[in-house]
Amino acid sequence: MIRFNIPPFTGKETEYIAQAIRNMKISGDGEFTKKCNTWIEEKTGTAAALLTTSCTHATEMAALLAGIKPGDEVIMPSYTFVSTADAFVLRGATAVFVDIRPDTMNIDETLIEDAITDKTKAIVPVHYAGVGCEMDTIMDIAKRHGLLVIEDAAQGIMSTYKGKALGAIGDYGCFSFHETKNYSMGEGGALLIKDPANKERAEIIREKGTNRSKFFRGQIDKYTWVDAGSSYLPSDMNAAYLWAQLEKADEINDDRMASWNLYYEMLSPLKEAGRIELPTVPEHCTHNAHMFYVKAKDLEERSALIRSLKAKDLSAVFHYIPLHGAPAGQRYGRFHGEDRYTTKESDRLVRLPMYYGLEPENVEKICDAVKEFYK
Ligand SMILES: *Cc1c(COP(=O)(O)O)cnc(C)c1O
C-alpha cells in the first residue's frame, strides 16, 4: 500500500522535544518557537513571523488585525479549503468568490476588480499547490482600491513569485504546519507580517489580548489586558518538532522536487497524447512540490482512475469541493460572475501520493498504474 501522505520526520524531532521539556518551557515562545520565527523571517524576508496554533488561526489573526467587521466583503477563490473563508466569516464578513484560472487552479486575477464593491476590505489569494498567484496584478488592484492583501500561503512555504517568497508579498501571509504540509508540527502555522508596526498588536492578539510578550522581554514590569484577543500561541514542544524540519528545509524540498519531477517526466507522454493534463508552473514562479496532481477528462473518468489505483493499493484522492456550493458557502458567501472553471476543473483533479521520502520506485509504480488505466 502506498499512502497518500506520511507526515515529515527527519530524525531530530524527539531529541528537540526532549530539549523543550528539559528547558522547562513547554508553553509557547520558548527556544524553539523563537528559532522557527527567526528562520521564517530570514528565509522569506518578512518583517515579522509568529508561529501560531494553525494556519486557520493565523488567518483569523490577520482578519482581526485587518479590522474585518460585519458587513465587510472579502474576495477569494471558491476552490480552496474552508479556513480561507471561515476566518473572515467568523468576523461577520461575506466571502465573495471569484473563478479560478484553469492552468494553475489559482484565483483569476483578471476577475477580481469586477467583484470589488464599497464593502470590500481585502483580497485573499490562495497559492494552490505552492504555485504563486499573479501577485503583481493583485497588489496593484489592492493599492488602487485601498484594500488589504492576506495571502493564504498554507501550501506555499519555500515557493517564490518573481523572486519573492510567497506569504511575504501581501500585508499578511499565513503558513500551515499541519501534518499534511511540507513542514509540520502536527497542528500549527505562522502569521507573516509585512509592516513591523503591526507586530506588537499581533503579539497581543495571540496572547489573549494581553501585552505578555512585551513583559517577557522585560520591556514592561507587569502585563495587562489591552485588547480583544485569543489563544493562538503554540506549545514549544510542537515548535521543537517543526524545528527539526526547518533545519533541513532544503533537503526536504529537494526530495519532494525529485518526486514531482519524476512524476512529470513519466506522465508527460500521456499529456502529449492529450489524455491527461499536468500542473502548470508559470516561468516566474518557483514551487515547492507541495502536491502532484493530474487532470482527467471529467468527473466520471476521475472516479474510475481513483478506483483503479485503489484496486492496486495506491492511494489517490480528489481535492476541494468548491465552497460556494456548500451549505455554509451559500449562507456566508456569494459567487461573483460565472463559474466557468471552478467546478469543472475541481471535478477533474486527482492528487497522487506526495511526501518527504517517497521512493522513486513507488513514483514509477504509480505512474505505471496511471498509464495502464489509460491504455
Ligand atoms: C491546510 C490549509 C489550510 C489550513 O491549515 P491549518 O494549519 O490546518 O489550519 C488553509 N488553507 C489552505 C489552502 C490549506 O491548504
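Between 0 and 90 degrees, the angle of helix 299-311 with respect to the longest Cα principal axis of the chain falls at about 90 degrees. Overall, the ratio between the Cα radius of gyration of region 135-254 and 2.2 N^0.38 Å, rounded to two decimals, is 1.21.
Derived from the Cα gyration tensor, the three semi-axes of the equivalent ellipsoid of region 87-158 are 19, 15, 12 Å, largest first.
This model, with +1 at the C-beta of Lys and Arg and -1 at the C-beta of Asp and Glu, gives the chain a dipole about its Cα centre of some 740 debye.
The charge dipole of region 1-114, taken about its Cα centre with unit charges on the Cβ of Lys, Arg, Asp and Glu (plus for the first two, minus for the last two), comes to roughly 760 debye. Note on region 176-227: Kirkwood radius taken over Cα pairs, Stokes-Einstein applied at 25 °C and 0.890 mPa s, translational D equal to 196 µm² s⁻¹. Remark: Lys365, Lys375 ranked as Lys375, Lys365, counting other beta-carbon atoms within 10 Å and listing the fewest first. For the chain, the longest principal axis of the C-alpha atoms and the axis of helix 360-373 are separated by about 50°.
Taking the DSSP beta bridges with both ends in the chain, the antiparallel portion is around 55 percent. On a per residue basis, the convex hull of the C-alpha atoms belonging to region 189-263 measures out at 140 Å³. Normalised by the empirical 2.2 N^0.38 Å for globular proteins, what value does the Cα Rg of the chain take? That ratio works out to 1.00. Modelled label positions at Ala18 and Ser308, each set 7 Å beyond Cα in the direction of Cβ, lie 4.9 nm from each other. Summed over qualifying helices (DSSP H, 4 residues or more, each -39500 (n - 2.57)) and divided by its residue number, the chain shows a 222 nm mean residue ellipticity of -11500 deg cm²/dmol. For region 62-210, the equivalent ellipsoid derived from the alpha-carbon gyration tensor has semi-axes of 21, 20, 15 Å in decreasing order.
Read-outs: derived from the displayed coordinates by stated rules, not from any lab. Owing to the predicted nature of the structure, the values given are computational and were not obtained by experimental measurement. Cβ: placed from backbone, ideal geometry, glycine included. Neighbour counts: every protein chain shown.
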